[in-house]
Structures are given as structure tokens and as C-alpha cells.
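Coordinate-derived values only; no laboratory data. Every value quoted in this text rests on a predicted model; they were computed, and no experiment measured them. Reconstructed Cβ throughout: ideal geometry from the backbone, glycine too, with neighbour counts over all protein chains shown.
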Amino acid sequence: MTTAVSSDKKLFFDELVKVVGRDWASMDKEDILPYCRDEVSQALKVYTADYVVMPADVEEVQAVVRLANKYKVPIYPYSFGVSISSAAVPRNAGMMLVTRRMNQILEINEETMTATIEPGVTWSKLIYELNLKGYEVLPLGGGPHSGSLVGNFVLGGGNTGGIDMNEEVSIEVVLPTGELLRTASAGFIGHEKINPYVRVAWGPNLTGLFRGSLGWFGVVTKLLRRIYPLQKIQDRIEIAFDDFTDCVIGMREIVKLGICRQVYGLDQAQIAIIGATPELCTQPEEYWKFEQTLPKYMVIAKTNCHLEEQKDIYRKIILAKAAEYKGRLVTFTGTTKKALDIMEQGSSDMAVRYLRHNPHLMAFVQLPPSMLPGARKKTLEILDKMDFHMTSFHNKVVPPRIWLSPWERNESWLMEQDIEFDPLDKVSIDKFRKFMVVFFDEMANYGASQINAAFLRRYEDRMMPTYINMLKGIKKMLDPNGILAPRQVFKDI
């Protein structure tokens, strides 16, 4: 059965096709729906766009945005990958503007140690191409610097320009009116080609305005970010802990040594779901036996060395510090070792392993490390009170899986707790929805912050009025027609 299309929608779509070509625009639901869903959408309200469009370059993005202004069609920017935390759902219908065709690494500059990329460049592609030249983007997890993911360029969702502001040098962004803006030294006419490499230039750091904005302020079309030398000798040290507090504090002290290129932590259930083979996931008893061989908690510390002697000294220092907090060296073999080997590479295989259980909310908190055990305890108390529990492939109850990452030089840590639900079980869905409300309220009371502008919808009444008014004022100035991502950050605009 063919659904009738209004004359206005048809007229807009015809003009859209003239901009990008018939192969790159659609009104068909089967083309649109993949970009309107995320990990938690099966438990929440479903939103559907009217169009999906995939422009090839910045000029086409500008033309699409101007056309949307002409017809007052909302735009929800989407880059590449999987959306999380309702970061790109089309709450006002309209158009999903998908930038995945813009997938070129435009420059790897070894002198300035920067990479210039388009928004469709995936995490794994950037890592691979940099590694060929002996460089890397700073991995997720704290070393002596700050660093994290490429941001929503890899996670999909809102076209943010990245969540790691200190790693971004400059961006090129199409504003809600269709005008073009370049930030930092690239804002000087002609310097986008001569010298776009100065991060703080010409006054305020405008790049930061678009960090985590979910496409609310503009569509990022180019990002210049820092890269780091990758030495020939890499060492990965796995350290087991039996107690969560020992794990967190030991991990904090390892980071403070200042010699690691990456440090992160996982719990037993998280290690198991990443390390298990697909066959093992179909054998409950064998999966249970496998999980029980793993550490209750584990810290992975990686170093980047010029010499074997340096590697050995670093390893000795790290293990001595871990031992002060009851940490001990562990080693893995076989398929588990292989899974850990590729974990930082951002491959599709690892993404499938990480997400292959039930749909889940990555329930984030950002806190100083000493506050994380308290946040974990409160989370478990909420779940117990609601009689809401997770199981794994062995069909036994496990606490929510944990991922720990030092963030922003160690003053703030990210703790992810994976809260799962059964999409075919109404009771599970109802508990999941109730948990979200209670959890974020309790965590805010405890002092936890968030990394994603999508959470402002939950926290608006807790924010300083001056903070909210300034954001809304900037939005009104940049987007007079309310075209970009309406209701994505605040409920009313």
C-alpha cells in the first residue's frame, strides 16, 4: 500500500534530489528507520523522520540546510555508527542528514601532529591509517594527557565534532542558516589552507561551542584533531583486583605515574562478554565456567616505549604501584588474548562483541575517582529496590557491566554501567524506563555530571538559569528558524 505524500513534501523532496542526486535521498521508511533508532529506542518513544539525505560534500550540506530553511523542515545531523542515549532521534520528524559519505582523511600532518578528517571517518579507519605512519589518536583512558574517542563521529548520533574538546584543534561547520564557519586559526580567511593548526586563536575557543552539541548549533563537516607518536614497542599490562574500591584507587595511582598511554578498567562480566567466542555464548554452563576464570575487576595499562629497557622499567613501576592496592599481574591466552589485542582498534568485530547482549543504556557518570565506589553502590541499591537485575549468557544474575576511563587528565573519570532490558518483555521495559528516571536523579544528587548534551533534557531544572539562558540565546541567534535538531537538547526548542 502506497502512502499519499503531501504536495509540500513532494516539492521539498524533488528539490532535495536536485541537490544530492536520486541515489542519496529517500522518503522510504526502510531507508529512514535505521537512522532513527538507537540502543534504547525499543524501550522509549519511537520517532520517525520524513526524509533521509546523504550529501557528498560541504557545498551539498550547505544547499540542503538552506533548502530546509526555505521549507521549514527540521534537520537531525547524524555521522556514522550507532546512536546512543537518544542523541539523534528525530523528535520533530523532518530529515536525517547523514554525513557518512564524507569519509576522507584529508591530511595527516606529521610536523604539526594533526589529522584533518571528514565526519564520516570511523574510529577504526583513522587508527589504521595513522598507525601506518607511526601515529595514533590518544586512546580512550587517561595517560599524562587528556583524550577520548573521536566523539560522535564514531558513535553516530548528533554530529558533534567530538566529545574530547582538548584534542580538537579546529572545525569547519555549516551553521543553521547554511553559512560556513571555521574556528581557531582557520577562521582567518585563507588560513584554512595556510595555517589551520593553532587551536586557541582570535579570542574565545569557538570550537568548544560545538563540542557535544548534537548538531544543535551546526553540522560539522571537517575536524582537525591532534595525533601522537606511536613507538615501535608497545606493552599491555593486565592487572587483577578482587575489590572495586582497590581497583579504582589503584587505577588512579597508576594514571598518576604519568607513564601510560592508556589506562582503563573492566569488571568480570564485561571482560567475559568481550572475550568469549560466539560459540561459547550459546553454551550457558561453559560460559559460566569461562567467566569464573576471569578477574573480578581488571585494569589494563598500556605503555609506549622507545627501548626494551624502558618497557621493562615501566612495567616494574606499574606493577609495584598496583601491588600497593592488592593488584596482581594476570595473563591471557587464546581467543581472550586476541579479543583484548584488538579492543582498542575500534573494529566492527569488537563493536559486535561489546553490544551483542540485550539492548542497554550506557548509564554514564563522571566523577572524581574516589566517588565512583559510592556511585556504584547507589546504582546497585536502586536495582535491588526495583527488583531489576541483569543476566548474562549463563542465565545467572550479574551486576551491570562496568567500563572505567580516566577523563580530562584524571580530574574526572567516566564510569559506564550497562543497564540492559529485554525488548520482548513489557515488565523489563517498564523497569528500565523507571530506572532511567531514578538513576539520573540520584546520580545528580550525588554530584555526577554527564558528557552528552542529550542529558540537558533531564537536568535543565538543575542548571543555573544563566547557563540555560546563554545556551538558548546562542541557539536563537544561530538558528532563527529552529531548523537544526529541535527538542534535542531542550524540550521546548
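Going down the list Lys70/Lys476; Lys296/Lys434; Lys9/Lys72; Lys45/Lys475, which pairs span over 20 Å between their C-alpha atoms? Can you show the working numbers first?
Values: Lys70/Lys476 17 Å; Lys296/Lys434 29 Å; Lys9/Lys72 11 Å; Lys45/Lys475 25 Å.
As for pairs spanning more than 20 Å Cα to Cα, those are Lys296/Lys434; Lys45/Lys475.
Only sites in a loop by DSSP and with at most 16 other Cβ atoms within 10 Å count here; which GluC sites (Glu not before Pro) in segment 389-473 make the cut?
Those that pass, being in a loop and sparsely packed, are Glu411.
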Using the alpha-carbon centroid of each, what span in Å lies between segment 317-342 and segment 256-299?
11
Compute the length gained on full extension between Lys193 and Asp57: take 0.36 nm times their separation in residues and subtract their Cα-Cα distance, giving the result in nm to one decimal.
47.2 nm
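Express the C-alpha Rg of segment 233-446 as a ratio against the empirical globular expectation 2.2 N^0.38 Å, rounded to two decimals.
Values: Rg = 17.6 Å, N = 214, 2.2 N^0.38 = 16.9 Å.
The value comes to 1.04.
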Just need the Rg to Rh number for segment 409-493, please, alpha carbons only, Kirkwood Rh.
1.05
Of Tyr314, Trp216, Leu471, which is farthest on the positive side of the dipole of the chain, counting Cα position, with +1 on Lys and Arg Cβ, -1 on Asp and Glu Cβ, and the Cα centre as origin?
Leu471
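Relative contact order for the chain: what percent, with Cα pairs under 8 Å and sequence separation of 6 or more? Write out the running numbers ahead of the final one.
Details: 1016 pairs, mean separation 81.1, N = 493.
Relative contact order comes out at 16 percent.
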Please work out the FRET efficiency for the pair Arg462 and Val46, using the Cβ-Cβ distance as r and a Förster radius of 25 Å; give the result to the nearest 0.05.
0.35
Inter-probe distance in nm under a simple model that places probes 7 Å from Cα toward Cβ, at Gln310 and Lys296
3.7
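Could you list His191, His389 so that the one with the fewest beta carbons within 10 Å of its beta carbon is first and the one with the most is last?
Numbers: His191 18, His389 15.
The most exposed by this proxy come first: His389, His191.
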Please give the FRET efficiency for Ile317 paired with Ala93, using the beta carbon to beta carbon distance and R0 = 45 Å, rounded to the nearest 0.05.
0.20
Percent of alpha carbon pairs in segment 177-335 separated by more than 25 Å?
55
If I model a spin label at Glu286 and Thr331 as a point 7 Å from the Cα along the Cα→Cβ vector, what separation in nanometres do I get?
2.5
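Given a cut-off of 22 Å, what percent of all Cα-Cα pairs of segment 25-118 lie beyond it? Present the calculation step by step, with values, prior to reporting the outcome.
Numbers: 1545 of 4371 pairs.
Looking at segment 25-118, the distances longer than 22 Å represent 35 percent of pairs.
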Per residue convex hull volume, Cα only, the chain, in Å³ is 155
